[in-house]
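What follows is a single structure, written as structure tokens, with notes after it.
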Amino acid sequence: MSTLLLSDLHLPPQPSALRDSFIAFLDGPARSASVVYILGDLFEYWIGDDVGLDVYAAEIAGLASLTASGVPVRVQRGNRDFLLGPTFERASGARLLADPSVVDIDGERWLLTHGDAFCTDDVGYQKWRRFSRNRAVQAIFARLPRRWRERIAGGVRGSSREAKTGKSAQIMDVNDAAVARGLHKAQTLHLIHGHTHRPAEHKVASGGIAGERIVLADWRDDRREYLEINGGVRRRINLV
Ligand SMILES: [Mn+2]
């Protein structure tokens, strides 16, 4: 039995080949998995369960069918879909997974996270992250009409795009010391994350720790990838 991990699909609200691929994944390879982990940014944006369940009805139905067949699905919130909530859980049968979390995969303890919390060099982003994760801020946002929420989310995406053009690649990557701290705190040497859109396998050597860091691939037209771990053997599988 295999463990499947994926992240950063950024499924758009409009019809798209990416969305078709995800449905095909849920109906195909995921069916024989022992568990599926989605490490954030499954959706391009999620402005609340009320709207999300409507916009992404096909994906919710696909997840519900998979989980009803007995395959557990665990979903972490990314920086695009951090408003995923309990109504999403009920409708999809997927369970939200705290970020970060340590899980056992084939007898090894893996730290799973979206990854944005480790990008500590990006001070501006971390400020936004703290603000947007504030419960009071989220409660106010949730009460706004759909139109307003969509407009605000569009504005946030726009200013994020603008900010990124002025930031170096290094600032937007994970900070090695933050990774080392995270591994130390979790008491493990194995980390899987997404978010940076830089799929790779890194050795982690910081603060006296020798570990490994696997970065999952984001989805695009020519690359729709998931990571399979089976008997400790890792394979990246491209659905395209
Ligand atoms: Mn992200």
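The values are calculated or read from the model by the stated rules, or taken from the named source; none is laboratory data. Just so you know, these numbers come straight off a predicted model, no measurement behind them. Glycine also receives a Cβ, built like all others from the backbone with ideal geometry; neighbour counts cover every protein chain displayed.
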Check: Are any residues in the stretch 191-213 within 13 Å of the ligand (Cβ to nearest atom) and either free of Cβ contacts under 8 Å to residues at least 12 places away in the same chain or part of a strand (DSSP E or B) (or both), and if so, which ones?
Finding: His193
Check: When you go through (1) in contact with a His (Cβ under 8 Å, 6 or more places away or on another chain); (2) within 30 Å of Val137 (Cα to Cα) one by one for Asp50, which number turns out not to apply?
Finding: (1)
Next item on the list: Just name the residue that is nearest to the chain's Cα centre (by Cα) out of those in the stretch 29-69 that are part of a loop (DSSP other than H, G, I, E, B), crowded, with 20+ Cβ neighbours inside 10 Å and among the hydroxyl-bearing types (Ser, Thr, Tyr).
Entry: Tyr45
Next item on the list: Would you mind stating whether Pro145 is more than 30 Å from His184 (Cβ to Cβ) and away from the ligand (no atom under 16 Å from the Cβ)?
Entry: yes
Notebook entry, point to check: Can Ser159 be described as at pLDDT below 95 and outside any loop (DSSP other than H, G, I, E, B)?
Noted result: yes
Notebook entry, point to check: Does the stretch 70-116 hold any residues that are free of Cβ contacts under 8 Å to residues at least 60 places away in the same chain and assigned to a helix (DSSP H, G or I), and which are they?
Noted result: Pro86, Thr87, Phe88, Glu89, Arg90, Ala91, Ser92
Check: Which of (1) surrounded by 20 or more Cβ atoms within 10 Å (Cβ to Cβ); (2) within 16 Å of the ligand (Cβ to nearest atom); (3) of a type outside the set (A, V, I, L, M, F, W, C) is the odd one out, the single condition Ser92 does not satisfy?
Finding: (2)
Next item on the list: Provide a single number: the residues in the stretch 160-190 that are touching a Pro at 6+ places or on another chain (Cβ under 9 Å) and touching a residue at least 24 places away in the same chain (Cβ under 8 Å).
Entry: 2
Margin query: If I filter the stretch 169-190 down to residues being in contact with a strand residue (DSSP E or B) (Cβ under 7 Å, 6 or more places away or on another chain) and more than 17 Å from Trp110 (Cβ to Cβ), which single residue comes out as farthest from the ligand (Cβ to nearest atom)?
Written below: Ala177
Next item on the list: Looking for whichever is of a type outside the set (Ser, Thr, Tyr), over 20 Å from Tyr226 (Cβ atoms) and buried (at least 22 other Cβ atoms within 10 Å of the Cβ) here; the options are Phe118, Phe22. Which one fits?
Entry: Phe118
Next item on the list: Report, by residue number, each residue of the stretch 1-17 that is within 16 Å of the ligand (Cβ to nearest atom) and buried (at least 19 other Cβ atoms within 10 Å of the Cβ).
Entry: Leu5, Leu6, Ser7, Asp8, Leu9, His10, Leu11
